[in-house]
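The values are calculated or read from the model by the stated rules, or taken from the named source; none is laboratory data. On a predicted model such as this, the values are computed, not experimentally measured, just so you know. FYI the Cβ positions are ideal-geometry reconstructions off the backbone, even for glycines, and counts take in every protein chain you see.
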Amino acid sequence: MRFRYSTAENGRPEKKAIVYTKDEHQIDRNEVDPDALRIVERLRSNGHETYIVGGAVRDLMVGKKPKDFDIVTDATPTRIKRLFRNSRIIGRRFRLVHVFFGPVIFEVSTFRSLVDGTIGNTFGTIDEDVLRRDFTFNALYYDPFSETIVDYVGGVSDIRRRRVEPVIPLKSIFVEDPVRMLRAAKYAAATGFKLPLLLKWKIKKQSPLLAPVSPSRLTEEIGKILRSGKAADIVRVMDELGLFRYLQPNASDRLRSDQAYRNAFFASLAAMDLVAKTDGEVPMGRLLAFLIKDYLDSLVDWKANNVEAYRNALSDCRAFVLPMNPPRVELENAVRMLFRERGIAVKKARTFEKGRRSELVPDAERSRLKAEVNPGEEPPAEAVKKKRRRRRRRKSGAGQGAEATVETEPESSSD
């Protein structure tokens, strides 16, 4: 174990951070994405202090494979963009850089200062940047080349004690960003770490701060929960802390008032977690189907096989998942999937049929209709769209005005 020092105001050296070696933190560098290593190497070779930071370091320390690798550096976004042609600067207020390696995106941010609080956008130093991090286990800086972890806030100790400890003072951490409450609950459930009593009390007391949070941010957080493979555990913790009512108020009300619905809902989430863990990148529509399944079962008369049932179910489900605002096509896919499980196939409207409503077709009837199709039959003549050609009329002489265009008659089908 080593220590990092800085100069105090009185000019004397001051201990700032603990530096853990590979033998102490036990992270295997081979578990780090090779492209993340390339980014760190290029930034460091160009004179920039650079680390892997956040959830990836936490996951590596607890033996989990990180889903993504975030990188932090003292290089500005403009400088990072110059070093990586496969990148782009994103964000209006909080500017950072996405570096692309094929379909994989690495987020590279610049050290921020505390000049404007913990949510400001002024560039700073690593000593300031660490104090903006939400929880101690997310505030560890890993250098994959020296294979050391720089720990300013006791994050390594908290991981070993399996505790969720805030970096930012409790009086301001959730006031500045209420979504941090959701992350605290999510981290506790996903890792099995404990929430200290004072932290739990603060979350319960300040949970109403989530009410004005934008639907887009809540939708993003719900999406992460659904894909986590730990959704059932996370929702249980959030329900206990009074947070789930702000993510899914309609489902939350039913969980508290209907024990049968509660049992079925958590069984559906457990089934979704199994799919999320084993099936790789799962489409959002498939995950949403688990979220709305039990509500749809209590709502739809599955024997009433008509198009009105599907349209009403889609409308009701959109209202049910509010304030979550998933892409319309994903919610349609989820409802269509649940209808199909009940033996009712919903014909998906083609792009050229915009404005036409979806139709319900029982599986048996759909098979019969397919069997009756004659593959060699020409489509009706009126269904064939004729192209019109445009041509320019030649100038017929001086003084005759500008060129005009004329439309020819549709081509004959025999051409």
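Summary table
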item: The range 158-210, subset touching a Ser or Thr at 6+ places or on another chain (Cβ under 6 Å) and part of a loop (DSSP other than H, G, I, E, B), residue nearest to residue 240 (Cα to Cα); result: 165
item: Of all residues in the range 285-307 being of a type in the set (A, V, I, L, M) and surrounded by 18 or more Cβ atoms within 10 Å (Cβ to Cβ), the one that is modelled with the lowest pLDDT; result: 300
item: Test: residue in the range 237-248 that is more than 30 Å from residue 199 (Cα to Cα), touching a residue at least 24 places away in the same chain (Cβ under 8 Å) and not in a loop (DSSP other than H, G, I, E, B); result: no
item: Whichever residue in the range 45-88 is touching a His at 6+ places or on another chain (Cβ under 8 Å) and farther than 23 Å from residue 26 by Cα and, among such residues, is surrounded by the most Cβ atoms within 10 Å (Cβ to Cβ); result: 73
item: Residue among 179, 115 that is modelled with pLDDT of 95 or more and among the β-branched types (Val, Ile, Thr); result: 179
item: Candidate set: the range 189-233, residues that are among the polar types (S, T, N, Q) and over 21 Å from residue 318 (Cα atoms); chosen: the one farthest from the chain's Cα centre (by Cα); result: 206
item: Failed item in (1) out of contact with any Leu (no Cβ under 9 Å at 6 or more places or on another chain); (2) of a type outside the set (A, V, I, L, M); (3) crowded, with 20+ Cβ neighbours inside 10 Å, with residue 152 passing the rest; result: (1)
item: Residue 296 being within 28 Å of the chain's Cα centre (by Cα), in the same structural domain as residue 232 (by TED's automatic domain parsing) and more than 17 Å from residue 227 (Cα to Cα); result: yes
item: Which listed residue is polar (S, T, N, Q) and not assigned by TED's automatic domain parsing to the domain that holds residue 330, from 278, 219, 191; result: 191
item: Residue that is surrounded by the fewest Cβ atoms within 10 Å (Cβ to Cβ) [pool: residues in the range 249-284 that are in contact with a Phe, Trp or Tyr (Cβ under 8 Å, 6 or more places away or on another chain) and under 18 Å from residue 325 (Cβ atoms)]; result: 250
item: Of the criteria (1) modelled with pLDDT of 95 or more; (2) over 12 Å from residue 182 (Cα atoms); (3) not aliphatic (A, V, I, L, M), which one residue 242 fails; result: (2)
